[in-house]
Amino acid sequence: MKFDGVKGAGEEVIRVAHISDIHFGRISHPTIVETLVTEVNEANVDLVVASGDLTQRAFPWQYREAAAMLASFDAPWLAIPGNHDVFPWWRTYSRLFDPLRRFRNRITEERAPRFTKQDLAVLGINSATGRAIKNGKIEDSEREAMQTFFRDAPGNAFRILVVHHHLQELKALGAHDVARGAEATLACAAELDVDLILCGHLHVSHVETVVPLHDSNAIVIATAGTATSDRGRKPHKMQNIYNQIVITNTNFDIVERQFNRERVVFEEVRRHTFQRAARVSSYQEDHLSSPPE
């Protein structure tokens with residue numbers, strides 16, 4: 001399988017795979033993880049982004065399987081934790097005072113992982129906390145990391161922010177969790193010309209454009225469904241889905257690919273095409289377009 005994407009003469013193409021909510025411990029199909037890794041590797045992506053909930057209960061064996069999956073990707077990967085990656089509630093002291101110790105030990109010690117290549121700048125921030133059951137919180141330090149990273153990025157770089165929890169309630173998804181500190185974080189993203197926010201948590205695949213501030217840049221939000229677990233939300237219970245992102249000099253596509261259990265392959269189910277906005281002082285939502293589904 002190869003990424004589809006229209007490439008104009010002289011255009012560079014950047015490819016990103018966005019997976020989320022893997023939930024080792026609740027894998028939905030015996031070969032789905034292997035199928036996902038094989039497809040992503042055959043696509044020759046530049047980066048794999050995992051936007052949290054690699055494990056179901058943060059058990060050591062679940063982290064070992066998550067680390068093995070990430071190591072199986074040929075491309076570099078960037079991973080952030082989700083609320084399921086903190087210590088479970090019965091490990092009260094660790095959950096409250098060092099909730100992500102296993103994530104740091106098994107996955108990455110980077111608190112704000114980052115990736116830059118060609119015309120791409122990607123930053124992950126943490127919204128997972130042990131002081132809530134499933135809600136998230138984004139500290140001031142995460143916004144400081146955003147400011148440092150994106151202000152140093154080249155002006156023409158395509159800018160992606162990765163966070164597990166949502167930064168704004170999306171009406172199309174109904175009432176859902178929004179991280180504490182989300183409003184300030186979304187405003188910070190707008191001020192820093194972030195083009196795309198990748199998140200997860202809801203186990204529902206959805207793509208939407210928002211304008212966080214008056215006269216601010218429009219930002220596309222892509223929330224990935226659960227790529228490999230049996231924890232999809234009704235009516236998405238048995239859906240496993242992830243995103244492919246294809247970025248050119250002028251456009252970017254977000255392609256939702258869903259697992260077909262009968263054929264044991266991922267297949268394209270929706271595609272959203274957006275125009276890359278020029279770096280100017282402000283631009284409006286209507287500069288971006290998405291074909292009807």
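When its C-alpha radius of gyration is set against 2.2 N^0.38 Å (N residues), segment 91-152 gives a value of 1.29.
How would Thr31, Thr185, Thr209 line up from fewest to most surrounding beta-carbon atoms within 10 angstrom?
Working: Thr31 10, Thr185 26, Thr209 16.
The fewest-first ordering by Cβ neighbours comes to Thr31, Thr209, Thr185.
What number, rounded to the nearest 500 deg cm²/dmol, is the helix-based mean residue ellipticity at 222 nm of the chain, given -39500 (n - 2.57) per DSSP H run of at least four residues and division by all its residues? Helix-only estimate at 222 nm: -6000 deg cm²/dmol.
Contact order, relative form, for the chain: 18 percent (alpha carbon pairs under 8 Å, 6 or more residues apart, mean separation divided by residue count).
Note on Lys171: aspartates and glutamates with a C-alpha under 12 Å away, same-chain residues under 8 apart excluded, are Glu208. In terms of its Cα atoms, segment 204-259 spans 40, 26, 13 Å along the principal axes, sorted from long to short. When Ile14, Ile254, Ile80 are arranged by Cβ crowding within 10 Å, least crowded first, meaning fewest neighbours, the order is Ile14, Ile254, Ile80.
With 10 angstrom as the radius, rank Glu65, Glu110 by how many other C-beta atoms surround their C-beta, starting from the fewest.
Values: Glu65 19, Glu110 12.
Fewest-to-most ranking of Glu65, Glu110: Glu110, Glu65.
Where Rh is the Kirkwood radius over the Cα pairs of segment 109-231, the temperature 37 °C and the viscosity 0.692 mPa s, what D in µm²/s does Stokes-Einstein return? In µm²/s, the coefficient is 222. The distance from the alpha carbon centre of segment 68-106 to that of segment 205-264 is 23 Å, rounded to a whole number.
Here, the chain is characterised by an Rg to Rh ratio of 0.94, where Rg is the alpha-carbon radius of gyration and Rh the Kirkwood radius.
Throughout, read-outs are computed from the coordinates displayed, never taken from laboratory work. Just so we're clear, the structure is a prediction, and the values are computed from it rather than from any experiment. Reconstructed Cβ throughout: ideal geometry from the backbone, glycine too, with neighbour counts over all protein chains shown.
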